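**Student:** Okay, here's the structure, questions in a sec.
The values are calculated or read from the model by the stated rules, or taken from the named source; none is laboratory data. All of these numbers come straight from a predicted model, not from anything done at the bench. With ideal geometry, Cβ positions are generated from the backbone for all residues, glycine too; neighbour counts draw on all protein chains shown. Note: accessible area is taken over every heavy atom of the protein model, side chains too, but ligands, DNA and RNA are not part of it. Shrake-Rupley method; radii C 1.70, N 1.55, O 1.52, S 1.80 Å.
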Amino acid sequence: MRHAKSIERLQFPDKDKEKFEPINPPFVGMYVCGPTVYSDVHLGNVRTFLSFDIIYRYLRHLGYKVRYVRNITDVGHLESDADEGEDKISKKAKLENLEPMEIVQRYANDFHRVMSMFNILDPDIEPSAIGHIQEQIQMIETLMAKGLAYEVNGSVYFDVAKYNQTEKYGVLSGRVLEELQTGSRQLDGQEEKRNSVDFALWKNAGTAHIMRWKSPWGMGFPGWHLECSVMSSKYLGETFDIHGGGMDLKFPHHECEIAQSVGAHGKQPVKYWLHTNMLTVNGQKMSKSLGNSFLPHQLVTGSHPLLSEPYSPMTVRFFMLQSHYSSTLDFSNDALKAAAKGYKKIINGLVLAKKLQFAHDESISIDAGAMAQIDGIIDNCYRAINDDFNTAKTIAQLFNLLKK
RNA sequence: GGUCUCGUGGCCGAGUGGCUAGGCAGAGGUCUGCAAAACCUUCUACGGCGGUUCGAAUCCGCCCGAGACCUCCA
């Protein structure tokens, strides 16, 4: 690949850009926080996985041997941080009178269907939290042995204040522990914790709970943040290259992950953190709780009230790639309409270019100037995608190429 | 309330100090029996007020507006 140069820049926690250098080239370890499978994935979720699909594909294109791990969260994600906070899957199972594993299976299947609908490649490993209960218990034991976790009534919490004595909690998201403590709202049912910022590693669960496992602290289930620390280190090592996820996971989820991993292994788990920004609707984040979700099938059928017509998954893919992954992107009918036309244009060009390849004729002299121009634009394409995977810039270059 | 981000032409959306972003829409044109498609040309910018600089959409300050996180969320 003549034009394939190494990625020059990548976004960092401190917002500076640096050259991307894998820890053990040509291998790259990449972990992305996957979905909690308790309901349908919406287009906001899709945007994140699409962004990392591009990154995964591009790294492979450059010749890196990528191991891409994307988890499925099937236990431990609480409705709230309060003691009576219920597991999302468990709640849904009760609601629909189904086995929790039926819920997990149903929405995991749905997730996979949606991923393939958008032509998003499968990860190399897709581990689930339930499949790693033993490893999670082991990590808790390690943290307890180091004095970074404590048990209360069969639940185990991470001691953030203790951790903060030797490490800094909150660096990734720019938080300061003292401010978090004074600024945090008063939540009910937190008497068990020594500190409001402490988070659960293991939650005690009585017989009323349908999802519970045996542990040294009694029957219960693992906390949400723990699975990612456990599974990423198991499959990618204690320090790996890229960790991704939605911006809304930066705090507290990723912050807690760092604390757990540093606490247990004594080193930073991740070299490059990448966070994708939110898909918005009328300027507001698309989220399940706000009720402004667009579901993939609503898009394809055009059945959402805000859509004037159906749009293909590839149109949406194109639409999303016209912005940078770290910017918010507003979802609207007009924007999709424009994307549909633009996408068609670029595909027409691609089809045409493929036809041209079979028309080589030795008798026709090649215009050197035009060739140089085309080479220049192709170079620009690589420069654009190398610049923190800037797909918007890259697409603009592709349109320039089209004109030649 | 605290922390942070953003504010680009009719719409979407790149761009971090000087060099055309791009797409969609609009206008004009080429082609065509008409229409469509395709292609060519082209108009409309940088929230406001100051400051730094030879020069700012780009850096700094203040103001206005929007959003995110702080509590489950990709």
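**Student:** Kindly list the number of the only condition in (1) part of a loop (DSSP other than H, G, I, E, B); (2) touching a residue at least 12 places away in the same chain (Cβ under 8 Å); (3) over 30 Å from A:I23 (Cα atoms); (4) near RNA strand B (Cβ under 10 Å from one of its atoms) that fails for A:S327.
**Tutor:** (3)
**Student:** Does A:G223 qualify as being farther than 28 Å from A:P305 by Cα, open to solvent by less than 10 Å² (accessible area, probe 1.4 Å) and within 16 Å of the chain's Cα centre (by Cα)?
**Tutor:** no
**Student:** Restricting the search to region A:305-321, which residues are in a loop (DSSP other than H, G, I, E, B) and among the polar types (S, T, N, Q)?
**Tutor:** A:S308, A:S312
**Student:** If you check A:K162 against the conditions, is it within 16 Å of RNA strand B (Cβ to nearest atom), buried (at least 16 other Cβ atoms within 10 Å of the Cβ) and of a type in the set (K, R)?
**Tutor:** When the stated conditions are applied, A:K162 does not pass them.
**Student:** Looking at region A:229-240, can you tell me whether even one residue there is of a type in the set (D, E) and open to solvent by less than 20 Å² (accessible area, probe 1.4 Å)?
**Tutor:** Scanning region A:229-240 turns up no residue that is of a type in the set (D, E) and open to solvent by less than 20 Å² (accessible area, probe 1.4 Å).
**Student:** Here's something else I'd like to know. Considering (1) within 18 Å of A:E79 (Cα to Cα); (2) in contact with a helix residue (DSSP H, G or I) (Cβ under 8 Å, 6 or more places away or on another chain); (3) at pLDDT 90 or above; (4) open to solvent by 30 Å² or more (accessible area, probe 1.4 Å), say which one A:H209 fails and leave the rest.
**Tutor:** (3)
**Student:** Return a yes/no flag: does region A:369-377 have any residue that is modelled with pLDDT under 90, open to solvent by less than 70 Å² (accessible area, probe 1.4 Å) and of a type in the set (V, I, T).
**Tutor:** yes
**Student:** Sticking with this one: Using the structure shown, decide if A:A129 is touching a Gly at 6+ places or on another chain (Cβ under 7 Å), open to solvent by less than 70 Å² (accessible area, probe 1.4 Å), closer than 30 Å to A:Y58 by Cα and at pLDDT 95 or above.
**Tutor:** Judged against the criteria, A:A129 is a match.
**Student:** Same structure again: Which members of region A:280-324 meet the condition of being without any contact (Cβ under 8 Å) to a residue 12 or more places away in the chain, within 10 Å of RNA strand B (Cβ to nearest atom) and surrounded by fewer than 15 Cβ atoms within 10 Å (Cβ to Cβ)?
**Tutor:** A:Q284, A:S289, A:L290
**Student:** Look at A:K267 and say whether it is basic (K, R), modelled with pLDDT of 90 or more and part of a loop (DSSP other than H, G, I, E, B).
**Tutor:** Judged against the criteria, A:K267 is a match.
**Student:** Within region A:333-348, how many residues turn out to be within 6 Å of RNA strand B (Cβ to nearest atom) and buried (at least 16 other Cβ atoms within 10 Å of the Cβ)?
**Tutor:** Residues in region A:333-348 being within 6 Å of RNA strand B (Cβ to nearest atom) and buried (at least 16 other Cβ atoms within 10 Å of the Cβ): 2 in total.
**Student:** Considering only residues that are open to solvent by 20 Å² or more (accessible area, probe 1.4 Å) and modelled with pLDDT of 65 or more, look in region A:1-21 and name the one that is farthest from RNA strand B (Cβ to nearest atom).
**Tutor:** A:E21
**Student:** If you don't mind, there's one more thing I want to ask. With near RNA strand B (Cβ under 9 Å from one of its atoms) and farther than 27 Å from A:P25 by Cβ as the only criterion, which of A:G246, A:G263 stands out?
**Tutor:** Result: A:G246 is the single residue among A:G246, A:G263 that is near RNA strand B (Cβ under 9 Å from one of its atoms) and farther than 27 Å from A:P25 by Cβ.
**Student:** Residues that are free of Cβ contacts under 8 Å to residues at least 40 places away in the same chain and surrounded by 23 or more Cβ atoms within 10 Å (Cβ to Cβ): find the helices (runs of 4 or more DSSP H) completely inside region A:37-121 holding 2 or more of those.
**Tutor:** none
**Student:** So A:S215 ticks every box in (1) out of contact with any Cys (no Cβ under 8 Å at 6 or more places or on another chain); (2) open to solvent by less than 10 Å² (accessible area, probe 1.4 Å) but one. Which box is left unticked?
**Tutor:** So the condition that A:S215 fails would be (2).
**Student:** While we're looking at this one, here's another question. A:Q186 versus (1) at pLDDT below 95; (2) away from RNA strand B (no atom under 11 Å from the Cβ): which is the lone unmet condition?
**Tutor:** Every condition holds for A:Q186 apart from (2).
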